[in-house]
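Participant: The structure follows.
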């Protein structure tokens, strides 16, 4: 959509709104959500949702097997063998990532926790064919990709010229830590983005999902003072009490949350409400939106 | 993202780079900076740099009179009358902003701290003529603006069609809190961005500068639990011991920092080193860079 079309669209909207009394204003996100129906939402998928317990509370991560089926299966295997229980957040680099995994593996000499049933490393899953993905595109131009949009709850991109799609790094995206070799990650070391979207990592890291609740508990952790934000003292490590697959939790302990579906007319309205804010505060609508500025509404189950 | 291996890899690269034949690897940021000359850097400008003392330490903010001359002058007046001393961080909204100012003004009924010499509100300075600005453009496309780049240390944008320029919201940008009216801010309430760049605020808020040191001290503060991330209890407020203009501090108390100039060939090389990373870790260079992903190197004065 070029600027003229967008302005024309905006003009239409303004004309429509101007039939109402008072100054022209667009729908707010709250108004869009208030107009949503029950079917516009879906509960978290218990079979691909992780619940991580930190001292500050829960962090809920929905995994994306559509983009990283092997890593997601391996992370579930790690979780089910209790691999993460008692491990720690080992790195908090301001404006970049919070990373968690095995502090023993970072020691010199390394004393890694053994992996019993899962695999330590897997071939990278940096991208996949775009065909077969239910991709909700955004019309907005992007610095890094030919096209961005959403695949279910996940911000993603695709290249029509090559037919390739990939999950992108936004605030809250979760990826697989690795060494220099592309195939050196396995999911035992994960990170979440806590700063401006580091899109240069796209297609260089296997993205496995996104945090859907508890980002504040990760992003407010003390920054590490070592190189790359690693904690330098064992006393600084933030312990992980446990990580569980939601499906393995008793029903009473499962997060009771639902997320807005992204393949719906209401989601299109929501994106537009954020692309062109014209309310009592915003004087100049942006006219465009970065995929990483599109919020994913999450709310308690009714 | 394994720290130990990456450090080993970096060491290896630094040792081997000149002799290394074969597949193209690009300059890293560290290599670019190592090649910089003293003249590529400039010290902080004492006459427009604020030093804010929080319990966790100092936050250093360089103001941008090129974009907001009246607000910068007013903020300096507020600082010089001691307005901020004993005020507090009142709001931390995860993924968005940390805001500081007068908690008394938020009470019901308000008990605002009197302003003695400065002004409470000023006409908005959302944009300015592009003419007369030393603007270092980036060639990369941007979702929100026709062109982005840097004006001194500040990420900025301009529209060649209208001849208008503005400072943009990136991680670390500092803006003037206001009420619904565009002219209702004065600088007594400021915020810094702690999440993905909220570019929808561009040209809706007066941007007055950027944090050049201490972002970690703002971004790791506990999130507020009230609406919009405001703290709900006085006990949660993060006290501001004092804010001083660097020029008013005794020389021994001034931050001894310099920043990389952005109007230099070395800065162009630095941007390219971040736009196309091709090293032992990055397998696929991004080929482009978002203005908010360009780092501003800051280092101790020699």
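Read-outs: derived from the displayed coordinates by stated rules, not from any lab. Keep in mind that this is a model prediction, so the values were computed, not measured. For neighbour counting, all protein chains shown are included, and Cβ atoms are generated from backbone atoms with ideal geometry for every residue, glycine included.
Participant: Distances from residue B:69 to the same residue in each other copy, label points 7 Å out along Cα→Cβ, in nm, shortest first?
Facilitator: 6.4
Participant: How would you rank A:40, A:181, going from fewest to most other Cβ atoms within 10 Å of each one's own Cβ?
Facilitator: A:181, A:40
Participant: Between copies, how far apart are the residue A:249 label points? List them in nm, one decimal, shortest first, with each point 7 Å from Cα toward Cβ, please?
Facilitator: Values, ascending and in nm: 4.5.
Participant: Is the C-alpha gyration tensor of region A:56-200 telling us rounded, prolate or oblate? Criteria: a/c under 1.5 is rounded; beyond that, a/b larger than b/c is prolate, otherwise oblate.
Facilitator: On the way: a/c = 2.06, a/b = 1.69, b/c = 1.22.
In terms of gyration-tensor shape, prolate.
Participant: Let me ask something else. Once the Cα gyration tensor of the protein assembly as shown is found, what semi-axes does its equivalent ellipsoid get, as square roots of 5 times the eigenvalues, in whole Å, sorted largest first?
Facilitator: One finds semi-axes of 36, 30, 26 Å for the protein assembly as shown.
Participant: Measure nothing fancy, just the Cα-based angle from helix A:265-275's long axis to the longest principal axis of chain A, in degrees from 0 to 90, nearest 10.
Facilitator: It is inclined by approximately 90 degrees.
Participant: Turning to a different aspect of this structure: Report, to the nearest 10°, how far helix B:69-80 tilts away from the longest principal axis of the Cα atoms in chain B, using its own Cα long axis and a range of 0 to 90°.
Facilitator: The helix B:69-80 is inclined about 70 degrees to chain B.
Participant: From the label point of residue B:47, set 7 Å from Cα along Cα→Cβ, how far away are the matching label points in the other copies, in nm, ordered shortest to longest?
Facilitator: With the label placed 7 Å along Cα→Cβ, residue B:47 yields 6.8 nm.
Participant: Starting from the coordinates of the alpha-carbon atoms of chain A, obtain the Kirkwood hydrodynamic radius over all distinct pairs and give the value in Å to one decimal.
Facilitator: 20.6
Participant: Let me ask you something else. Is the C-alpha gyration tensor of region A:235-282 telling us rounded, prolate or oblate? Criteria: a/c under 1.5 is rounded; beyond that, a/b larger than b/c is prolate, otherwise oblate.
Facilitator: Oblate shape, in that a/c is at least 1.5 and b/c is the bigger or equal ratio.
Participant: So, one more: Compute the relative contact order of region A:112-262 as a whole-number percentage, counting only Cα pairs closer than 8 Å that sit 6 or more residues apart in sequence.
Facilitator: 21
Participant: Let me make sure I get this right: for region B:82-128, a, b and c are the square roots of the gyration tensor eigenvalues over alpha carbons, sorted descending. Under 1.5 in a/c it's rounded, otherwise prolate if a/b > b/c, else oblate. Which is it?
Facilitator: Oblate shape, in that a/c is at least 1.5 and b/c is the bigger or equal ratio.
Participant: Right, next: Hey, with R₀ at 41 Å, roughly what FRET efficiency would residue B:249 and residue A:281 work out to, going by the Cβ-Cβ distance, to 0.05?
Facilitator: So, using R0 = 41 Å, E works out to roughly 0.70.
Participant: Go ahead and collect, in residue order, the members of region B:258-297 whose backbone nitrogen is under 13 Å from a label point 7 Å along the Cα-Cβ direction of residue A:232.
Facilitator: In region B:258-297, the label zone of residue A:232 (backbone N under 13 Å from the point 7 Å along Cα→Cβ) covers no residue.
Participant: A follow-up question, please. Helix A:3-18: angle to the longest alpha-carbon principal axis of chain A, degrees 0 to 90, nearest 10?
Facilitator: Roughly 60 degrees between the two axes.
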